[in-house]
Each structure stands twice: as C-alpha cells, then as structure tokens.
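Data first, discussion second: the structure below is written as structure tokens.
The values are calculated or read from the model by the stated rules, or taken from the named source; none is laboratory data. Note that the coordinates shown come from a computational prediction; the quantities given were computed from them, not determined experimentally. As a convention, Cβ positions derive from the backbone with ideal geometry for all residues, glycine included, and neighbour counts pool all protein chains shown.
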Amino acid sequence: MWIRRALFTWLFPAALVLPLWLLVGWGVFQSGWAILWVLFIAAPSVLIGELLIAFLVRARASVRQARAVSWQDAAGIVLWHGLTIAVGFFPSAFGWILTGAIVGFLAVFWSTLAQLWRESASALRRAMDPDLLAPGAPADPGPAPSSTPAGDASSMRGQVIVIAESPGAAGAAPR
C-alpha cells in the first residue's frame, strides 16, 4: 500500500522532475544538437504527459478516497518512469528505450482512461437507478389521491381538473 500512496504523491512532482532529468542527462551524458530535441520535444512532451496522467488518475473517486493509485496504475507508472529515466542517460540503445517510453506512456494513458470510464459509468448507473433515488420509497408512487382538503393549494399542484361538456352545449345560449 505504501508504494501506491508514494506514487499518488509523486505524480505531480514527477511532472517537473522528469523533464528536468532529461536536461541534466543531456548535460552530463550527451553534447551537441540533441539539446534542441530535449528542449523542444522531449521535455514538453514529458511535462504534458505527466500532467495528463496525474489529472486522469486523480479524477477517479476511488483514488482520491484511498489517496493511492491502483495496482494497475502503479505498474504502468513505474515502467513508464523507469524508461523515461533511462532515456535521460542517452545510451547506445536510445531509440529502443525512447520507443518503449512512448509505448509505456500510451499504455498508461489508455489504462487510466479505461479505469476512469469504468468507475464513472458505474457511478452514473448508481445515480440514475430509481430504486436508489429515495431509499424505502417505491419507484412508481402510483396515482395521486383524487380528493384534497379544501384550501390546501400545495396538494393541488400538478393535478389537472377535467370538465366534460355535453355535445349540444357548445353554441347554445344560456337559459
């Protein structure tokens, strides 16, 4: 449980730390024109991706209530962050690791979106269930009572009075 809670706390700081790591990694392990890639593509992509995942994860009521990500989120986030950190070392297998990090982000994104959709759909079904709207009350209260006490205007609200006319009375003069 502590791992899931730590990842819950880490989501927003990671949005700043991981792009910063890519800059530091470039400075330590790489030189040349790769800084343009880091400044204009990698760091903004990681920042936006991190914020998107953080907001999607925290949008779920179960995550906010437990203050911990799900195990599925935890596995995906650890994998994605590990690959992002590995990209910052600019190794010889850079292309493969970068591809893995991109695929990892996409997997975490769709997994998180699916969990949010499932949780939201079940909450919406519970909210729209007529048996749960008023506990103890029947779903269809039946017809309204036909007689009301005189002078009780609040009980008349929503009722319709129908007056039947006789067939010849439409144009006849009063007698």
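Here are the numbers for this structure:
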quantity	calculated
Selection status of Gly82, of a type outside the set (A, V, I, L, M, F, W, C), out of contact with any strand residue (DSSP E or B) (no Cβ under 8 Å at 6 or more places or on another chain), free of Cβ contacts under 8 Å to residues at least 40 places away in the same chain and on the phi > 0 side of the Ramachandran plot	no
Options Trp96, Trp37, Trp80; residue that is part of a helix (DSSP H, G or I), at pLDDT below 95 and of a type in the set (Phe, Trp, Tyr)	Trp37
Sole residue being hydroxyl-bearing (Ser, Thr, Tyr), without any contact (Cβ under 8 Å) to a residue 60 or more places away in the chain and closer than 20 Å to Ala6 by Cβ, chosen from Ser62, Ser92	Ser62
Which numbered condition Gly104 fails, given (1) buried (at least 19 other Cβ atoms within 10 Å of the Cβ); (2) farther than 30 Å from Ala123 by Cα	(2)
In the stretch 9-34, residue surrounded by the fewest Cβ atoms within 10 Å (Cβ to Cβ) [restricted to those that are outside any helix (DSSP H, G or I) and on the phi < 0 side of the Ramachandran plot]	Trp33
Hey, Ala74 under 20 Å from Met1 (Cα atoms) and part of a helix (DSSP H, G or I) or not	yes
Any hit, the stretch 89-101, residues being under 19 Å from the mean Cα position of the chain (by Cα) and surrounded by fewer than 14 Cβ atoms within 10 Å (Cβ to Cβ)	no
Matching entry among Pro145, Pro91, Pro141, Pro135 (being closer than 25 Å to Trp21 by Cα and either at pLDDT below 90 or not in a loop (DSSP other than H, G, I, E, B) (or both))	Pro91
